[in-house]
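Let me begin by presenting the structure, written as structure tokens, before commenting on it.
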Amino acid sequence: MIHQAQDTSIITGILNKAIAGIDVSIYEGIELIRQENPEVRLAIANTADLLRQKQIGDVVTYVINRNINFTNICEQHCSFCAFRRDADETGSFWLDTKQIISKADEAVKIGATEICMQGGLNPQAKLNGSSLAYCLNIVQELKSNFPQLHLHAFSPQEIEFIAREDGISYEKVLLALKDAGLGSMPGTAAEILDDRVRNIICPEKINSNTWLEIISMAHRLGIPTTSTMLAGHIETEVQQIEHLEKLRSLQKKAIANDYPAKITEFIILPFVGQEAPAPIRRRVGRDQPNVPDVLHLTAIARIFLGNWIVNHQPSWVKIGLDGAKKALQRGCNDIGGTLMEEHITTMAGAKGGTCMSVKDLQQAIVSINRTQKQRSTLYDYL
């Protein structure tokens, strides 16, 4: 048993190492994340805020974007998902191309620069018998109507699904989507990159190595990606840190190999269980995120990843705008996007809302005495 004085000394040493610009180890990350003393947690939060200032500066960015969840019909049955439906089930939907274009048009009219598009794994979504042809048609229609929009779409899970349905390689799928106008990929479907957890919460999903393989391939082919963590369900603190280490190693690989694209940002996606399937809801024992724990993990992520992934973003949909403002004081430098609509998290029972005006985002940033600036998807100031 480590005495409190020794414990504080160990933590101080780890934080000083981080401030000196040295990567903390997995063991040191675990030491940090296990701290429950409020004063120690405050020291960790302050260190994360200092590192954020040193690594990326005091400007807080936002993006004007729209989420388009084009279908919730899905072949998989992830235990945490309240979004998916069977094709013949009440509440199922599948937008046609005309509806997608209409939503993009609405976004452009409010100044959106990005469309973020993801959907369920719908085996019926094919054009001439091909999943890839169906997706390419959507991308091409969006880019031909709105060439100025950045299209941020298709998670690694969706890439694997398209490749599997059509019997082709991941590389062929990625190159075809890129050539059609795909600008970047969301690093969702990562959940926790530990197959012991994945086999319980999403056994039908791709495994950790496949997720890492597809993200790394995207970087090699010149497609930037984001990175995420679904946190606060059945995973352990050790598994959280090991997840961060896998993301850090992925970014290091892209840099070491001089790949033309890399991870642009990291986002913690706290588990929302209010409308989730009953077994996981009972097991987690909580309907809404534990915000203090989310904020602690936010600070740890900055300390662990900040030398390599400099942009960190909270999910205001999941922890609310007040939670997001606190995250901006614990290592985050971006407040996210306007979204305009969001179904995956809100159908799970999240309380943060589905749309945020530019003014709301700007006021939130100014309220904590930081400078606000609009950005592109790839973090250029606009």
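The values are calculated or read from the model by the stated rules, or taken from the named source; none is laboratory data. Predicted, not measured: the structure shown is a model, and the values here were computed from it. Virtual Cβ from ideal backbone geometry, glycine too; neighbours counted across all protein chains shown.
Screening residue 40 on (1) at pLDDT below 80; (2) over 23 Å from residue 152 (Cβ atoms) shows it passes everything except condition (1).
Just the residues that are of a type in the set (Lys, Arg) and surrounded by fewer than 18 Cβ atoms within 10 Å (Cβ to Cβ), please, taken from the range 203-223. Correct list: 220 only. Could you tell me how many of the residues in the range 106-128 are over 25 Å from the mean Cα position of the chain (by Cα) and farther than 22 Å from residue 92 by Cβ? Total meeting the criteria: 2. All of (1) surrounded by 15 or more Cβ atoms within 10 Å (Cβ to Cβ); (2) in a helix (DSSP H, G or I); (3) touching a Phe, Trp or Tyr at 6+ places or on another chain (Cβ under 8 Å); (4) not basic (Lys, Arg) hold for residue 11 with one exception: (3). Of the numbered criteria (1) within 25 Å of residue 197 (Cβ to Cβ); (2) outside any loop (DSSP other than H, G, I, E, B); (3) at pLDDT 95 or above; (4) not small (Gly, Ala, Ser), the one residue 255 fails is (1).
Can you find even one residue in the range 210-222 that is more than 18 Å from the chain's Cα centre (by Cα), part of a helix (DSSP H, G or I), of a type outside the set (A, V, I, L, M, F, W, C) and more than 22 Å from residue 72 (Cα to Cα)? Looking for residues that are more than 18 Å from the chain's Cα centre (by Cα), part of a helix (DSSP H, G or I), of a type outside the set (A, V, I, L, M, F, W, C) and more than 22 Å from residue 72 (Cα to Cα), one finds at least one in the range 210-222, hence yes. Candidates in the range 172-212 are the residues that are among the polar types (S, T, N, Q) and at pLDDT 95 or above; of these, the one that is nearest to residue 224 (Cα to Cα) is 184.
Within the range 247-261, the set of residues being surrounded by 18 or more Cβ atoms within 10 Å (Cβ to Cβ) and charged (D, E, K, R) comprises 248 only. Residues in the range 162-190 that are without any contact (Cβ under 8 Å) to a residue 40 or more places away in the chain and crowded, with 16+ Cβ neighbours inside 10 Å: 162, 163, 166, 189. Here residue 265 qualifies as among the acidic types (Asp, Glu), in contact with a His (Cβ under 9 Å, 6 or more places away or on another chain), modelled with pLDDT of 95 or more and under 27 Å from residue 82 (Cα atoms). Scanning the range 292-321 for residues being over 17 Å from residue 355 (Cβ atoms) and out of contact with any Phe, Trp or Tyr (no Cβ under 8 Å at 6 or more places or on another chain) gives a total of 16. Quick check on the range 20-43. Is at least one of its residues in contact (Cβ under 8 Å) with a residue 60 or more places away in the chain and aromatic (Phe, Trp, Tyr)? Within the range 20-43, none of the residues are in contact (Cβ under 8 Å) with a residue 60 or more places away in the chain and aromatic (Phe, Trp, Tyr). The residues of the range 64-99 that are farther than 30 Å from residue 372 by Cβ and at pLDDT 90 or above, listed by number, are 96, 97, 98, 99. Mind checking whether some residue in the range 227-242 is part of a helix (DSSP H, G or I), touching a residue at least 60 places away in the same chain (Cβ under 8 Å), within 18 Å of the chain's Cα centre (by Cα) and surrounded by 22 or more Cβ atoms within 10 Å (Cβ to Cβ)? The answer is yes, given that some residue of the range 227-242 is part of a helix (DSSP H, G or I), touching a residue at least 60 places away in the same chain (Cβ under 8 Å), within 18 Å of the chain's Cα centre (by Cα) and surrounded by 22 or more Cβ atoms within 10 Å (Cβ to Cβ).
Matching residues to (1) over 27 Å from residue 239 (Cβ atoms); (2) assigned to a helix (DSSP H, G or I):
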{"site": "158", "(1), (2)": "no, yes"}
{"site": "161", "(1), (2)": "no, yes"}
{"site": "165", "(1), (2)": "yes, yes"}
{"site": "173", "(1), (2)": "yes, yes"}
{"site": "188", "(1), (2)": "no, no"}
{"site": "196", "(1), (2)": "no, yes"}
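Can you name every residue in the range 218-250 that is among the basic types (Lys, Arg) and under 18 Å from residue 332 (Cα atoms)?
Result: 248, single match.
Taken over the range 109-156, residues that are touching a strand residue (DSSP E or B) at 6+ places or on another chain (Cβ under 9 Å) and of a type in the set (Lys, Arg) amount to 1. Somewhere in the range 20-28, is a residue in contact with a helix residue (DSSP H, G or I) (Cβ under 7 Å, 6 or more places away or on another chain) and loosely packed, with under 15 Cβ neighbours inside 10 Å? Looking through the range 20-28, at least one residue is in contact with a helix residue (DSSP H, G or I) (Cβ under 7 Å, 6 or more places away or on another chain) and loosely packed, with under 15 Cβ neighbours inside 10 Å. Scanning the range 54-64 for residues that are out of contact with any helix residue (DSSP H, G or I) (no Cβ under 7 Å at 6 or more places or on another chain) and not acidic (Asp, Glu) turns up 54, 55, 56, 57, 59, 61, 63.
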